[in-house]
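One structure is given here, and the rest of the page talks about it.
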Amino acid sequence: MQLRTPYLRRPDLAIALTAILLSGCAAPGAVYPSLAVRDAERVKGRLQTVPVPVSPAMAAPLSADMTERLTQLQAAAVSAHRRFLDAAPGATRLVNAAAGASIASDSWSSAQVALAGLDSARSQAAVPLGDLDLMHAEASLSLSQSGAIDQARESVTSMIAQQDTILSALRGKLAS
């Protein structure tokens with residue numbers, strides 16, 4: 001295919017043509033208009049604002065479904081916490097028996113299984129906490145009262161913190 005435009009075949013001609021065209025953009029000695037604010041652009045007068053009284057939005061109470069779900073989640077967390085506390089003494093006995101034992105020993109393995117059972121019970125208490133977090137977000141978005149949800153979250157969080165303390169102490173005994 002052959003190029004038909006002569007300036008595309010000759011780059012020096014294309015550069016010269018571009019320079020000629022661009023030189024038309026510059027006007028020698030031209031006086032450009034000032035960019036200062038003109039009289040017509042000045043603002044005259046004053047804007048009077050009227051204060052509008054704003055009443056705070058009242059949060060709606062939790063719906064019956066959310067209240068029922070909140071009760072279910074609290075019951076599930078308390079049940080999981082009870083299972084954890086019921087299993088903790090047995091796990092403590094096994095960990096105390098395995099303290100200082102070698103990793104390959106039966107007592108160490110039994111203690112690890114008991115700790116896994118406690119971890120499982122702790123996880124079952126953490127699931128309602130995640131659901132409570134979701135409920136809190138939903139209540140915040142729908143401008144519902146979230147005081148009861150906050151109290152439930154604090155209660156479940158303190159249960160999980162207690163479980164974490166027990167697990168940490170038992171793991172510390174088994175590690176030394």
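Of all complete DSSP H helices in the chain, those with a Cα span along the helix axis of 20 Å or greater and a mean Kyte-Doolittle hydropathy of 0.0 or more are 106-141, 147-175.
Value of Rg to Rh for segment 64-175, rounded to two decimals, is 1.14; Kirkwood radius and Rg both from alpha-carbon coordinates. Our helix-only sum for the chain, with -39,500 (n - 2.57) per DSSP H run of n ≥ 4 divided by its residues, gives a mean residue ellipticity at 222 nm of -23500 deg cm²/dmol. Residues whose amide H lies under 5 Å from that of residue 144, counting only those 5 or more places away or on a different chain, are 60; hydrogens are built 1.01 Å from N in the peptide plane.
Assuming R0 = 45 Å, can you tell me the calculated FRET efficiency for the pair residue 120 and residue 142, based on Cβ-Cβ distance, to the nearest 0.05?
It comes out at approximately 0.85.
Read-outs: derived from the displayed coordinates by stated rules, not from any lab. Bear in mind that the values here come from a model prediction, so they are computed numbers and not experimental data. Cβ: placed from backbone, ideal geometry, glycine included. Neighbour counts: every protein chain shown.
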